[in-house]
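Below: one structure, written as structure tokens.
The values are calculated or read from the model by the stated rules, or taken from the named source; none is laboratory data. Values in this document were obtained by computation on a predicted structure and should not be read as measured data. Backbone-built Cβ (ideal geometry, glycine too); neighbour counts: all protein chains shown. Side chains are part of the model used for accessible areas, which takes the heavy atoms of the whole protein and leaves out ligands, DNA and RNA. Shrake-Rupley method; radii C 1.70, N 1.55, O 1.52, S 1.80 Å.
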Amino acid sequence: MMKINAIIKELKKYDKITDFAIKELKTSTFEQFYDLQKLETTRMTNTSETNVRIYTKALKGDKTLLGNASFDISHKISKSELDKLIEDAIYQASFVENEFYELVEGTKKLSFKQNDEEKDPFEILQEIASIYFNAGRDNASFNALECFYNQYETHLVTSRGVDYKNKKHKIMVEAIPSYNANSGKRLDNCELYRMNEYETYDEAKIKEDACNAISDVLNRSKALKFNNHMNVNVIIKEKDILNMLEELIVTYDYSSVYSKSNFHKIGDEIQTNPKNPLNLSLIPSSKGDYFDSDGVLLKEAKIINNGKLESYYGNNRFAYYLGIKPTGNLQTIKVTKGKKAYLDMLKKPYIEILDLSGIQVDLFADYIGGEVRLANYFDGKDTYPITAFSFSGSLKKCIDELELSKEMTKIPYYVGPKYALLKDFEII
Amino acid sequence: MNKFSNYLKKKKRVLKALIEELMKDYSFASVLATDVSGKNYAIDKNSTYVLPSSINECGFVVRVFKDGLYSEYSFNEIDDKTISDVVSNIKALTSKEIKNEKLNPACMEEEEISKKFKRNMQGDAFTDEEIVAKLKDVRDYGLSLSDKIINARASVEVVEISKMYISNKKDLEQYYTWVNPRVFALVKDDKGIKYAYDGFGTNNLSEGLADLMPKMKEAVELAIELLDATAPKPGVYTIITDPSITGLFAHEAFGHGLEMDQFVKERAVAMDYMNKRVAKPLLNMHDGAKATFSVASYFFDDEGALASDTQVIKKGILNAGICDSISASILRIKPTGNGRRQSYKRKSYTRMTNTFFEKGKDNLDDMIKSVKYGYYIAQTNNGMEDPKNWGIQCTALYGREIVDGKFTGKIVSPVVMSGYVIDFLESISMISKENFNVIGSGSCGKGYKEWVRVSDGGACLKAEVKIG
């Protein structure tokens, strides 16, 4: 693969290129795939890829425009092949033009390296699989399990002095906890879907996730098909809270604001007369994620303060157009602790959703709902697992009346209350 | 354009040498080489983008079989000097100590074949500049249609695919292209902000670009109409599906359960229904890269198995599943050419291709007239599979109310449908006889990952479903 310095040397030969950004990504992965708790396939990948972006500043009439183009290099190429790619990009930038904006100025060279795990990646994957398989009980086990140990090394260099590196890894487990009924009839079996990510090899957390997955599928095996048409409070958890909040703030990014499609302005109430005002920030996903693809250095940005819109967020380009500072591409939502204890949420009748096929949230249609695969229903007297029903309601009303738990959680892309109570949802 | 990758051609000799070397140590060895290059052109009110397609890839994946275990190594550099490094890495991978129990599948068996396939882009060719200019016209047209428009976007993705599969029995090359034109309109008034979109797949760029103008007009008109949309009242309704929603049901509700890698994992309730009735005899369903022409039409899959047309439901009877090569070796059946990878960097799985219900004998107008109270459901949004429990979750952008066989003019959005697959299939009482397109504008994941391009569609269906 061509070195970054060699690419820069070639780019500098072309006067028309006013700026450039080069991103190199080296990826190594180690993977194991299990069917019915037996190893089917092992995999390893080892790749290196480079993306080159060029910018050309041009005056057209009384307007200054910024042309741009990019290309990928995914294998060894000759200097003449690189020259051809650059010339094609310069031609493309001559008609792919946008309103001018200044690129991000770099600071000093920065680097982050996550500590390597002590064990060999495949040893870790086999241990993870064993932890999952040992969690099985009472006819519940993992009919499918995929374990991944992925290492990424990113290097971003721009003509404006950005020179940032990071090296990090993550562990991912896709698990299908399954209940196989004594009857031998497949219709009596059931399963759930789990995708868990870990920044480091945390045996205790992995064991907890495996055991919870088994408990949940055993619950689903006992769940009754719910045929009641009624209204009741609904409790959602972690990933579903994240999806709901992602949709809530989707129009507060700089590009939506620039095109005037944002739902609120700074200072507007996002919640009307809230008893539990929302405080929401965007933060870097990990220590290693300290810069975005433009070279913006990432730090916490408060978006909602006490239920009111505090600030917008977004990338360098649209920040320049709006005349504000870029927050960069922040991917994790942080929410402050709620006022209600989880146990207090359970005092009145509720449906606690444990597994959805995918929460449906549409800000533009003011809708939140979905098909529920497993939930616990408390009817005021007894609690029992239920399945095969849908819930739906108004997203606006739900946010106005939102109650968040005191109990906190940290999952990929979300740090905040573990539970959210949504008032008076329609169940069918 | 319209030429198999020169880069892969140059690598063929060294890849053949690699397979020869690996066959000294392994009972099976194959390599898939890919060179997928494309661009995504997009223009809206504020931005013009021409970016490398997100599915671009160029690299290799080797598969070997030894001691009851398949192993794969993905990489993107190989030449005469580094071939020994690739072999060493594969040997290092396959010599890792395996502590957990192995599945011990049988080794894949292949039939000898050597063939080159080609499907060129149809219609006129355009330069990047000409494509951008045409998209600008569509965007400007969209923006001019109403003072309620706050943004209009026209885009097209143009992709060329070259793939080569080599093993000691097979030597296959394929080249094909596809194009995905799309439009999006965002409108605003004092009632709120609403959007509408459309997209389709073709391998004729000039036709695709020409079709964007009427699609933009339809999207803008629909978005404006949606400003008056209300949420549907939760309940069970009679529905008529448009071809995209028929396709969504075929794909999400039923198709995923027929992916036979799920049979190996005991994840598919469909195993108990093979050769049994799952719907009324009027229903016929297909999947296959060769079943029709759309964006998931190829000549061989990512494991070197030739494309086919699988009739999964025949006159209401569950007739066959679809299968990748490893699962076929475990189940001891023939693969159906459905082994697909997100890229050379990922594992292959059984994946759908072009999935659709055949047309029936009913007139669409008669179907609408037969609805006492219900909705005509249109425009796919998303769906989620549940192969083991056959739960349905399918979301449409909108529905048009029908009362006593007539449209009332009332529109609802979004429409989230749920229920049980067999109940839904059994409820299908009419199927339209009009021709339809198998539209390919979307991607499909397995769980929440492994995205591949798929198409789906079918004739309009009259059925009962829960909305809420």
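Annotations for the structure displayed:
- The sole residue among B:399, B:383, B:374 that is part of a strand (DSSP E or B), open to solvent by less than 40 Å² (accessible area, probe 1.4 Å) and modelled with pLDDT under 95 is B:383.
- Residue list for segment B:435-453, filter: free of Cβ contacts under 8 Å to residues at least 40 places away in the same chain and either on the phi < 0 side of the Ramachandran plot or touching a Gly at 6+ places or on another chain (Cβ under 7 Å) (or both): B:443, B:445, B:448
- Considering residues of segment B:75-91 that are outside any loop (DSSP other than H, G, I, E, B), of a type outside the set (S, T, N, Q) and open to solvent by 50 Å² or more (accessible area, probe 1.4 Å) only, the residue nearest to the other protein chains (Cβ to nearest Cβ): B:85
- Of all the listed residues (A:187, A:224), the sole one being hydrophobic (A, V, I, L, M, F, W, C) and either surrounded by 19 or more Cβ atoms within 10 Å (Cβ to Cβ) or under 30 Å from residue A:397 (Cβ atoms) (or both) is A:224.
- Criterion violated by residue A:96 - all others in (1) buried (at least 20 other Cβ atoms within 10 Å of the Cβ); (2) modelled with pLDDT of 95 or more; (3) of a type in the set (Val, Ile, Thr) satisfied: (2)
- Test: residue in segment B:29-45 that is part of a loop (DSSP other than H, G, I, E, B) and among the polar types (S, T, N, Q): no
- Residue among B:432, B:443 that is among the hydroxyl-bearing types (Ser, Thr, Tyr), closer than 30 Å to residue A:146 by Cβ and away from chain A (no Cβ under 14 Å): B:443
- Any hit, segment B:301-315, residues being within 14 Å of chain A (Cβ to nearest Cβ) and part of a helix (DSSP H, G or I): no
- Residue A:94, sole failed condition from (1) facing chain B (nearest Cβ under 9 Å); (2) within 30 Å of residue B:59 (Cα to Cα); (3) of a type in the set (Ser, Thr, Tyr): (2)
- Count of segment A:347-371 residues which are among the hydrophobic types (A, V, I, L, M, F, W, C), assigned to a strand (DSSP E or B) and either open to solvent by less than 10 Å² (accessible area, probe 1.4 Å) or within 13 Å of chain B (Cβ to nearest Cβ) (or both): 5
- Selection from segment A:193-218 of residues that are open to solvent by less than 40 Å² (accessible area, probe 1.4 Å) and either aromatic (Phe, Trp, Tyr) or not assigned by TED's automatic domain parsing to the domain that holds residue A:37 (or both): A:198, A:201
- Residues considered: B:3, B:66. Of these, the only one that is open to solvent by 20 Å² or more (accessible area, probe 1.4 Å), more than 9 Å from chain A (Cβ to nearest Cβ), farther than 30 Å from residue B:132 by Cβ and of a type outside the set (Asp, Glu) is B:66.
- In segment B:97-153, residue most open to solvent (accessible area, probe 1.4 Å) [restricted to those that are more than 30 Å from residue B:188 (Cα to Cα) and in contact with a Gly (Cβ under 6 Å, 6 or more places away or on another chain)]: B:104
- Test: residue in segment B:224-231 that is away from chain A (no Cβ under 14 Å), under 27 Å from residue B:402 (Cβ atoms) and in contact (Cβ under 8 Å) with a residue 40 or more places away in the chain: no
- Neighbours by Cβ (under 9 Å, 6+ apart or cross-chain): first from segment A:249-264, in the same structural domain as residue A:362 (by TED's automatic domain parsing); second open to solvent by 20 Å² or more (accessible area, probe 1.4 Å) and among the acidic types (Asp, Glu): A:259/B:44; A:262/A:253
- Candidates B:92, B:33: the one that is more than 30 Å from residue A:322 (Cβ to Cβ) and in contact with a strand residue (DSSP E or B) (Cβ under 7 Å, 6 or more places away or on another chain) is B:33.
- The set of residues in segment A:386-402 that are touching a helix residue (DSSP H, G or I) at 6+ places or on another chain (Cβ under 7 Å) and part of a strand (DSSP E or B) contains only A:387.
- Where residue A:42 falls short, out of the listed (1) within 23 Å of residue A:163 (Cβ to Cβ); (2) touching a residue at least 60 places away in the same chain (Cβ under 8 Å); (3) open to solvent by less than 20 Å² (accessible area, probe 1.4 Å): (1)
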